[in-house]
Each structure stands twice: as structure tokens, then as C-alpha cells.
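Enquirer: After the C-alpha cells below, expect a handful of questions from me.
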Amino acid sequence: MPAQPLIRLGTRRSPLAMAQAHEARARLCAAHGWDESAVELVPVVASGDRIQDRPLAEIGGKALWTRELDQWLVEGRIDGAVHSMKDVETLRPEAIAIAAILPRADKADRLLGAQAISDIPAGARIGTSAPRRAAQLLHLRPDLAVVGIRGNVATRMAKLEAGEADATFLAAAGLDRLGEDSVGVRLDPAEWLPAPAQAAIGIECRSGDAQTRAMLAAIDDAPSHAEVAAERRLLEGLGGSCSSPIAALSRSGDGLIALTAAIFSPDGTVRIDGEAEFAAGDDAAPLALARGLLARAPAAVTEHFGPIS
């Protein structure tokens, strides 16, 4: 048993973030034959966890999930940071590298409060603060009302139970990781597109830390990493932020990635979609897909996206 940890992994304190950090530790210990004590988990309170009464876009965007962990990482207080990759900003500091992506879990969303989107009563209130979910829902059901709900999984489930909304959406992967695999109705991700990088756990470290990068490389899942890289490249090409309604689904096989993407107007009236198939690691194809989507989109859509990369 080591006298001190071999690697310190920072994580947010939420139950889901802790579950993801425990998975990362278990995979590291299994890959290297370490005792559990070799990996220290260091909980950090993120700004996004402290501020839950306003949409992310109003209070700083995705940086609220990474700011504190980035600081601790750069300062050397931790060696790695465990993230839900869908919550990580598209453009990262040069000092930080995505060293590992764990095998991706179920990419689907689950619907809580109804058996299907078509079964939701007209005029019902659907709780979500995700622009993708709101726009995709209103595109299918413009008769429904969207109300903002934020918080961790347990908080949102409690708000639904308390009647703050008639239905809501949660990521299947998050529910599964918390042992809530029987909660909600799974929505086919080919029909209800997930968020870019949904269901992917990533571990970042300092770019120049060769020792930690080598440790983390042992648990990097190449197909999952390639999918996440492609979806993040799509986001880069779209100039997407946490307020941009973007949905994407990757399917991998035989060294190829089939990427389907859609962008929306926030009210769901306009949907522009497209798809591309390309070799894993091809950085140009997701950018081309992004440019094609924006080229076909009206101002009602493009005004919510950044300049084309």
C-alpha cells in the first residue's frame, strides 16, 4: 500500500460527480494493479453547484462547472480532474489536456412524468433548463410550456415530485450511475438526439505532466475518445455555447464515425439537421458538417451561434 496517493483526482461534490470519480478510480486501480488508496479523490465545490436559481447562460456558462477544478489543476493541488464531458467548455486552456475518456455509457435521455412525448397532455409544463431539450421538445410539441428547472439529479426529481413541472428529462447515463436505472422512459437517441458528449466521463490533467498522462492513458477508450472529439469539434465549428440549442449523436464502427447533428431556434420552430460519416480522428469533417448546418440556417437560428470556425 503506498504511503501517499500516486494520483489525486479532483471532482465536483455532487452525488453524480462523485460516482463518476469512483468509476475513474476503479478503472485506474484495475488497469495498474493498484490498491484503492493509490488514487485520492479530492471533492471541490463548483460555482455551478452553488448557484442553482438561474440558467447557466445568465451566470457564466459551462465554465461554472470547470473553473475551480481548472484552478486546482494548474496550481498543482490535484493531478487530474474528472468531468462530465458535456459540461466542459469547447475551447480549453493550453495548459490543460483531455488525457482520457472512459467507455461511453448510454447516450439517451429519459422522460420522467409520461410514457412518451406524444402522451404528455396539451399545455403541460415541462421542466428543463437545457436549450437543446427545450427546443427539441417545442419542435415536436409546440403546445407544451417549458419551465426552468436546475439542480442535480435528486433535486430535479424532487422538484418534479413537488409539482413544479409535469414532466422532465434526465440523462440515462447519470441515472444509471446513481443506481436509478428503472427511473423514467428511455427515448431513442436516434429520434431524440442527445447533447454533444453526453454520457462521456473525461479526465483532464496538466498538458506538461507526462507521468499523469501516461497513467491516464491506460484507461482511455479510443472509440469513445474519437466520438467525443468529433462532437466537440462540431461544437467548435458551430461556435456553440451553453445557450445554443445543439443536439448530436455519434455511432462508431470499423474505424468510422457516423455523426448526426441538429441545430434549432430556441422556440423550436426551426430545425436544421445533417449527418456525415468519416474516419475516427478526422478533424475536418465535423467542421464541414457544422458549416453546412449554419449555411442552411436562417437568422432565427444563426444568431444564437458564434462565427464559423
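Enquirer: Within the group Ala167, Ala158, Ala173, which residue is at negative phi, under 14 Å from the mean Cα position of the chain (by Cα) and of a type in the set (A, V, I, L, M, F, W, C)?
Expert: Ala173
Enquirer: Assuming Gly240 fulfils every condition listed in (1) surrounded by fewer than 19 Cβ atoms within 10 Å (Cβ to Cβ); (2) out of contact with any helix residue (DSSP H, G or I) (no Cβ under 6 Å at 6 or more places or on another chain) apart from one, which condition is it?
Expert: (1)
Enquirer: Additional query: For the list (1) part of a helix (DSSP H, G or I); (2) at pLDDT below 95; (3) outside the structural domain of Ser207 (by TED's automatic domain parsing); (4) among the hydroxyl-bearing types (Ser, Thr, Tyr), I need the number of the one condition that Thr66 fails.
Expert: (3)
Enquirer: Determine whether segment 154-165 contains at least one residue that is touching a helix residue (DSSP H, G or I) at 6+ places or on another chain (Cβ under 8 Å) and either closer than 22 Å to Pro266 by Cα or buried (at least 24 other Cβ atoms within 10 Å of the Cβ) (or both). Break it down stepwise before answering.
Expert: Filtering segment 154-165 down to residues touching a helix residue (DSSP H, G or I) at 6+ places or on another chain (Cβ under 8 Å) leaves 154, 165.
With either closer than 22 Å to Pro266 by Cα or buried (at least 24 other Cβ atoms within 10 Å of the Cβ) (or both) added as a condition, the list becomes 165.
Yes: segment 154-165 contains one or more residues that are touching a helix residue (DSSP H, G or I) at 6+ places or on another chain (Cβ under 8 Å) and either closer than 22 Å to Pro266 by Cα or buried (at least 24 other Cβ atoms within 10 Å of the Cβ) (or both).
Enquirer: Would you be able to tell me the number of residues in segment 173-223 that are within 17 Å of Thr90 (Cα to Cα) and of a type in the set (Ser, Thr, Tyr)?
Expert: Here the count works out to 1.
Enquirer: Can you tell me which of (1) at pLDDT 95 or above; (2) more than 20 Å from Gln211 (Cβ to Cβ) is the one Leu9 doesn't meet?
Expert: (2)
Enquirer: If you don't mind, there's one more thing I want to ask. Starting from residues that are in contact with a Ser or Thr (Cβ under 9 Å, 6 or more places away or on another chain), in contact (Cβ under 8 Å) with a residue 60 or more places away in the chain and closer than 18 Å to Ala247 by Cα, keep the ones in segment 74-100 and report whichever is surrounded by the fewest Cβ atoms within 10 Å (Cβ to Cβ).
Expert: This residue is Thr90.
Enquirer: Right, something else. Of the conditions (1) in a loop (DSSP other than H, G, I, E, B); (2) under 29 Å from Ala95 (Cα atoms); (3) modelled with pLDDT of 95 or more, Ala226 clears all except one; give me its number.
Expert: Checking Ala226 against (1) in a loop (DSSP other than H, G, I, E, B); (2) under 29 Å from Ala95 (Cα atoms); (3) modelled with pLDDT of 95 or more, the one that fails is (1).
Enquirer: Exactly one of (1) on the phi > 0 side of the Ramachandran plot; (2) of a type outside the set (Ser, Thr, Tyr); (3) surrounded by fewer than 23 Cβ atoms within 10 Å (Cβ to Cβ); (4) in contact with a helix residue (DSSP H, G or I) (Cβ under 9 Å, 6 or more places away or on another chain) is unmet by Asp254. Its number?
Expert: So Asp254 meets the others, but not (4).
Enquirer: Here is a further query. Which condition from (1) in a loop (DSSP other than H, G, I, E, B); (2) over 19 Å from Ala171 (Cβ atoms); (3) hydrophobic (A, V, I, L, M, F, W, C) is the one that Cys242 breaks?
Expert: Condition not satisfied by Cys242: (2).
Enquirer: Which residue out of Ala114, Ala122 is surrounded by fewer than 22 Cβ atoms within 10 Å (Cβ to Cβ), free of Cβ contacts under 8 Å to residues at least 24 places away in the same chain and among the small types (Gly, Ala, Ser)?
Expert: Ala122
Enquirer: Within segment 18-48, how many residues turn out to be at pLDDT below 95 and surrounded by 18 or more Cβ atoms within 10 Å (Cβ to Cβ)?
Expert: 3
Enquirer: Please go through segment 277-301 and give me each residue that is surrounded by 20 or more Cβ atoms within 10 Å (Cβ to Cβ) and within 22 Å of the chain's Cα centre (by Cα), ordered by number.
Expert: Of everything in segment 277-301, those that are surrounded by 20 or more Cβ atoms within 10 Å (Cβ to Cβ) and within 22 Å of the chain's Cα centre (by Cα) turn out to be Pro286, Leu289, Ala290, Leu293, Val301.
Enquirer: Looking at segment 166-182, which of its residues are out of contact with any Ser or Thr (no Cβ under 7 Å at 6 or more places or on another chain) and either outside the structural domain of Asp119 (by TED's automatic domain parsing) or of a type in the set (S, T, N, Q) (or both)?
Expert: Ser182
Enquirer: Given the conditions (1) assigned by TED's automatic domain parsing to the domain that holds Leu175; (2) over 18 Å from Gly184 (Cα atoms), which single one is not true for Asp79?
Expert: (1)
The values are calculated or read from the model by the stated rules, or taken from the named source; none is laboratory data. The shown structure was predicted, so the numbers you read here are calculated from the model rather than taken from an experiment. Cβ atoms come from the backbone with ideal geometry, glycine included; neighbour counts cover every protein chain shown.
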